[in-house]
Amino acid sequence: MSDLNYKSWNEECAVVGVYNIQDASNIAYYSLFAMQHRGQEASGISTSDNKKLFITKNKGLVTEVFNKEILCNLKGNNAIGHNRYATAGEDSSADAQPVFANYDLGQVAIVHNGNITNAKEIKDELIKEGAIFQSHMDTEVLIHLIAKSKQQTLTDRLKETIPKLKGAFCFIILSRTKMFVIRDRNAFRPLSLGEITNKDGTKGYIVASETCAFDLVGATHIRDVEAGEMLVFDKQKIQSHIIMQEDPYPCVFEYVYFARPDSKVFGRLVYDIRKSMGMELAKENPVDADIVIPVPDSGVAAALGYSKQSGIPFELGIIRNHYVGRTFIEPTQEIRELKVRLKLNPIKEIIKDKKIIVIDDSIVRGTTSKQIVKILRDCGAKEIHMKISSPPTISPCYYGVDTPTKSELISANMSNDEVCKYIGANSLSFLSLEGLKNSIGDGNYKFCQACFDGKYIV
Ligand code: SF4
């Protein structure tokens, strides 16, 4: 997929929480920078110095929203942060996070990712009771529920209100002195816990959507936050409460595309899994060819795996320009095709007169694949065999990922042969569901794969 299409398969947001670490705003900033791929529309950080909360949020990339002075003004050793991915028509700065609120127990700032599937129902109910909402964000629903609760502490209010929410979500909540971290009952979206030793020897903690954030700030990964777990960080200690209990079904698409290959997600290194997917693909779909090339960057690890398993040499036949900004966003066919050309440039000398296997992670609309096949043909490729390191995507996601509708998903509407003809390749094959399972291969495969099989858990 290579994130080249306007509105392809887009992760919605990254979250980070920092507790008892000196210069917490800096740690949150670098963590958000490491997780920029999970959202580029807006960024925000809120901090606490145990007396009051500070907040800065705005539209733009992490490096555009923050500078040294802003980070200096975000005082304290506790922080939460957010990178926002905007769904179509909802990109106003009013929807940037953290969301800040004053209520009867004091101040809170909240960040959240994912999708609360019953948010509309709860919101309608709250509006009937007189509540006023200022944004489109599900986070506001939680604020109203917390404010309405009669429980005496925020911990008890969260224990009471969070189990009312359904769907895929991670929340990180900052009060003046505490931080609360919550992962939904099915653990759809990843959330990991790490620690840092401060200069004075005390322990500090960090929670982030991906462990690549830990690497950048020198934190050690301890474990993942469990399904249905609430962690309460208070007085330099962590308390764990299981507030909802159901079987976990983490999102398998994190392994296919969303997560950075250098992150450990659901306990496994993403790079290793993508390589295994390529190896499985080679076992299932052998073909005679001269070279294996990836669609960069998302197809690289799988192409290495395919090459290793098949013995066919790996080449970087297409080079990606990383510096194309978010300029071409109009969803017209013409512009989409130009965008592919701007981002991917083939090396003619490698392609000419060769039988080529091209590895990509997925096909959404087919537009990108069609363009890639065309530019390779224009370079004189003899044969082009398109191989996809995941099963055909046939259903949209309702768990916090912005996806095209079913009618826009090419594999939901055409057979493999028809898709192959549409993109103009000599052959097209996908990894099977069984192959996907084998690639993850922990003997206990239990993931959400609804976008591949249409079986929704919630
Ligand atoms: S439907 Fe697909 S993208 Fe959505 S959570 Fe399930 S596996 Fe992930």
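Okay, residues lined up against (1) modelled with pLDDT of 95 or more; (2) in a helix (DSSP H, G or I); (3) buried (at least 20 other Cβ atoms within 10 Å of the Cβ):
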residue: TYR249; (1), (2), (3): no, no, yes
residue: TYR257; (1), (2), (3): no, yes, yes
residue: LYS275; (1), (2), (3): yes, yes, yes
residue: ALA282; (1), (2), (3): yes, yes, yes
residue: VAL287; (1), (2), (3): yes, no, no
residue: SER298; (1), (2), (3): no, no, yes
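Looking at region 237-247, which of the residues that are of a type outside the set (Val, Ile, Thr) and in a strand (DSSP E or B) is farthest from the ligand (Cβ to nearest atom)? In this case the residue turns out to be LYS237. If the condition is being within 15 Å of the chain's Cα centre (by Cα) and part of a loop (DSSP other than H, G, I, E, B), then region 207-226 contributes SER209, GLU210, THR211. Does ASN426 fit the bill of being under 28 Å from the mean Cα position of the chain (by Cα) and more than 16 Å from the ligand (Cβ to nearest atom)? So ASN426 does not fit the description; no.
Exactly one residue out of VAL217, VAL252, VAL232, VAL207 is of a type outside the set (Asp, Glu) and outside the structural domain of ASP23 (by TED's automatic domain parsing), and it is VAL252.
Could you name every one of the strands (runs of 3 or more DSSP E) located completely within region 43-146 that has at least 2 residues being modelled with pLDDT under 90? Outline the logic, then answer.
Details: elements: 53-59, 78-84, 99-103, 106-116.
Fully inside region 43-146 and qualifying: 106-116.
In region 384-415, the qualifying residues are those that are of a type outside the set (A, V, I, L, M) and outside any loop (DSSP other than H, G, I, E, B), and the one that is surrounded by the fewest Cβ atoms within 10 Å (Cβ to Cβ) is SER407. Out of the residues in region 429-455 that are among the hydroxyl-bearing types (Ser, Thr, Tyr) and either on the phi > 0 side of the Ramachandran plot or touching a residue at least 60 places away in the same chain (Cβ under 8 Å) (or both), which is farthest from the ligand (Cβ to nearest atom)? Applying the filter and picking the extreme gives SER429.
Is it true that some residue in region 170-181 is at pLDDT below 95 and either more than 16 Å from the ligand (Cβ to nearest atom) or of a type in the set (D, E, K, R) (or both)? Step through it out loud before you land on a result.
Taking region 170-181 and keeping what is at pLDDT below 95, we get none.
Within region 170-181 (the criterion being at pLDDT below 95 and either more than 16 Å from the ligand (Cβ to nearest atom) or of a type in the set (D, E, K, R) (or both)), the answer is no, since none of the residues qualifies.
When you scan region 362-383, do you find a residue that is assigned to a strand (DSSP E or B), crowded, with 24+ Cβ neighbours inside 10 Å and among the hydrophobic types (A, V, I, L, M, F, W, C), even just one? So that I can check it myself, show each step before the final result.
Taking region 362-383 as the starting set, the residues that turn out to be assigned to a strand (DSSP E or B) are 383.
Filter again for crowded, with 24+ Cβ neighbours inside 10 Å, leaving none.
No, every residue in region 362-383 fails to be assigned to a strand (DSSP E or B), crowded, with 24+ Cβ neighbours inside 10 Å and among the hydrophobic types (A, V, I, L, M, F, W, C).
The values are calculated or read from the model by the stated rules, or taken from the named source; none is laboratory data. All of these numbers come straight from a predicted model, not from anything done at the bench. Neighbour counts run over all protein chains shown; Cβ positions are idealised from the backbone, glycine included.
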